[in-house]
Ligand SMILES: Cc1cc2nc3c(=O)[nH]c(=O)nc-3n(C[C@H](O)[C@H](O)[C@H](O)COP(=O)(O)OP(=O)(O)OC[C@H]3O[C@@H](n4cnc5c(N)ncnc54)[C@H](O)[C@@H]3O)c2cc1C
């Protein structure tokens with residue numbers, strides 16, 4: 001399909017509007033409904049909704065047609081997202097399934113991986129997750145110690161991963177493992193597509209401080225995968241991981257073309273500073289109005305920076321590393337919002353975190369998760385490193401393990 005044979009954005013928008021009204025269930029209000037305590041049913045529902053989008057011809061808008069998508073542009077996706085507000089959408093599938101994992105497979109996977117995995121995700125049949133971080137730490141991703149050893153026409157994986165978002169609901173995970181210990185750390189890695197239910201995979205769910213069990217940890221004990229599980233080249237997994245990190249940072253900053261629908265469903269929906277001000281009846285307080293102004297200004301800066309960086313990376317005017325800028329702003333914006341929420345709500349946030357938490361309780365629960373914005377998608381310190389070294393040309397951080405064979409690098413204390 002060429003630009004000239006492509007349906008216009010306006011015609012697509014009108015068709016989407018009519019189809020959504022006819023086929024998709026309405027939700028109460030503009031924001032996505034909270035996730036239920038029984039999160040398995042949320043995932044069954046997400047798959048169901050994705051199948052509805054697929055049957056209606058509105059799934060995988062920016063993915064190529066040969067892999068089950070529509071092969072349309074970011075502008076088509078944006079129009080669909082605008083029209084979809086107020087309808088139930090399969091939002092849990094956006095990140096990491098589409099925006100990170102399917103996007104990485106599209107760039108780096110084999111034809112078979114693209115056809116099978118991206119196609120199945122678009123049809124609502126499969127969910128994908130990321131097995132990157134390890135208990136030893138997530139920032140030094142090139143230093144992973146999960147190992148994959150050759151075994152006939154396949155590989156045997158041993159090791160441990162952690163903080164895998166929604167892995168319990170996933171079918172496949174992109175797993176970074178070490179295949180060569182004789183070379184420096186970046187050169188001995190390989191990315192594998194691992195079935196989450198493969199024999200030898202033990203998965204536990206992690207309960208977070210806010211009570212939610214979205215994260216998992218996994219132990220791989222002699223997990224066998226075939227050669228066809230390799231994504232990209234053997235020992236060139238860093239190239240794949242770098243692309244994956246690009247998509248992750250881009251999606252966190254709001255720049256991914258593979259996100260469909262607006263919002264991120266949460267068990268306890270986040271409260272915006274504006275909602276709190278209204279709930280506390282402090283709309284006329286000049287100091288509070290100043291704080292809300294700060295929040296709105298930051299939101300505008302974030303939106304415009306995200307648009308600008310995304311466009312510049314798309315045209316090649318900026319290095320792809322620039323998505324770290326929008327990833328960083330996302331964290332700054334989220335934390336500003338959490339901090340302002342507490343300042344506006346005042347001492348009330350210390351109480352009311354029960355089953356019906358009310359606005360103050362929701363602020364408190366949101367605040368408990370404050371740090372997640374600066375860790376998920378790689379920490380903000382790592383984003384600052386990327387910005388200073390790769391965009392501003394500052395000297396690289398000292399790394400004594402960069403050029404030595406990985407087997408000589410001291411592990412642990
Ligand atoms: C919401 C969320 C979702 C996530 N989803 C996933 C997922 O799906 N899959 C997955 O594999 N992981 C996931 N993670 C894990 C995430 O990638 C890691 O938390 C992150 O990479 C940091 O690793 P760490 O927590 O082990 O911290 P560490 O690496 O131990 O770092 C601890 C602190 O030291 C700082 N630090 C470390 N090295 C440096 C340095 N060189 N310079 C300056 N500061 C440094 C870090 O910035 C951080 O503040 C998720 C995390 C969150 C919060």
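The values are calculated or read from the model by the stated rules, or taken from the named source; none is laboratory data. As the structure is a computational prediction, the values presented were derived from the model and not from experiment. Methodologically, a virtual Cβ is constructed for each residue, glycine included, from the backbone with ideal geometry; neighbour enumeration extends over all protein chains shown.
At-a-glance table
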read-out: Subset of the stretch 200-216 [outside any strand (DSSP E or B) and under 19 Å from residue 371 (Cβ atoms)]; value: 207, 208, 209, 210, 211, 212, 213, 214
read-out: Residue tally, condition surrounded by fewer than 24 Cβ atoms within 10 Å (Cβ to Cβ) and either part of a helix (DSSP H, G or I) or within 11 Å of the ligand (Cβ to nearest atom) (or both), over the stretch 96-129; value: 12
read-out: Qualifying position, being away from the ligand (no atom under 13 Å from the Cβ), buried (at least 22 other Cβ atoms within 10 Å of the Cβ), assigned to a strand (DSSP E or B) and modelled with pLDDT of 95 or more, among 192, 219; value: 192
read-out: Subset tally (residues that are in a strand (DSSP E or B), within 12 Å of the ligand (Cβ to nearest atom) and more than 14 Å from the chain's Cα centre (by Cα)) for the stretch 160-179; value: 5
read-out: Scope the stretch 261-285; condition in a helix (DSSP H, G or I) and within 22 Å of residue 33 (Cα to Cα); matching residues; value: 273, 274, 275, 276, 277, 278, 279
read-out: Members of the stretch 73-95 found to be out of contact with any strand residue (DSSP E or B) (no Cβ under 8 Å at 6 or more places or on another chain), in a loop (DSSP other than H, G, I, E, B) and surrounded by fewer than 22 Cβ atoms within 10 Å (Cβ to Cβ), listed by number; value: 73, 85
read-out: Single condition residue 117 does not satisfy, out of (1) in contact (Cβ under 8 Å) with a residue 24 or more places away in the chain; (2) farther than 17 Å from residue 231 by Cα; value: (2)
read-out: Conditions (1) modelled with pLDDT of 95 or more; (2) more than 16 Å from the chain's Cα centre (by Cα); (3) more than 16 Å from the ligand (Cβ to nearest atom): number failed by residue 86; value: (1)
read-out: Residue count for the stretch 131-142, restricted to those that are farther than 14 Å from residue 237 by Cα, in contact (Cβ under 8 Å) with a residue 60 or more places away in the chain and not in a loop (DSSP other than H, G, I, E, B); value: 0
read-out: Residue 66 being surrounded by fewer than 20 Cβ atoms within 10 Å (Cβ to Cβ), at pLDDT 95 or above and away from the ligand (no atom under 16 Å from the Cβ); value: yes
read-out: Residue 46 vs. criteria assigned to a helix (DSSP H, G or I) and more than 30 Å from residue 207 (Cβ to Cβ); value: no
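A quick yes/no check of all residues on (1) within 21 Å of residue 372 (Cα to Cα); (2) surrounded by fewer than 24 Cβ atoms within 10 Å (Cβ to Cβ); (3) not assigned by TED's automatic domain parsing to the domain that holds residue 200:
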| position | (1), (2), (3) |
| --- | --- |
| 139 | yes, yes, no |
| 147 | no, yes, no |
| 150 | no, yes, no |
| 154 | no, yes, no |
| 158 | no, yes, no |
| 161 | yes, no, no |
| 168 | yes, yes, no |
| 175 | no, no, no |
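Conditions tested, residue by residue: (1) touching a residue at least 40 places away in the same chain (Cβ under 8 Å); (2) assigned to a helix (DSSP H, G or I); (3) in contact with a helix residue (DSSP H, G or I) (Cβ under 7 Å, 6 or more places away or on another chain).
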| position | (1), (2), (3) |
| --- | --- |
| 224 | yes, no, no |
| 228 | yes, yes, yes |
| 238 | yes, yes, yes |
| 241 | yes, yes, yes |
| 245 | yes, yes, no |
| 249 | yes, yes, yes |
| 256 | yes, no, yes |
| 259 | yes, no, yes |
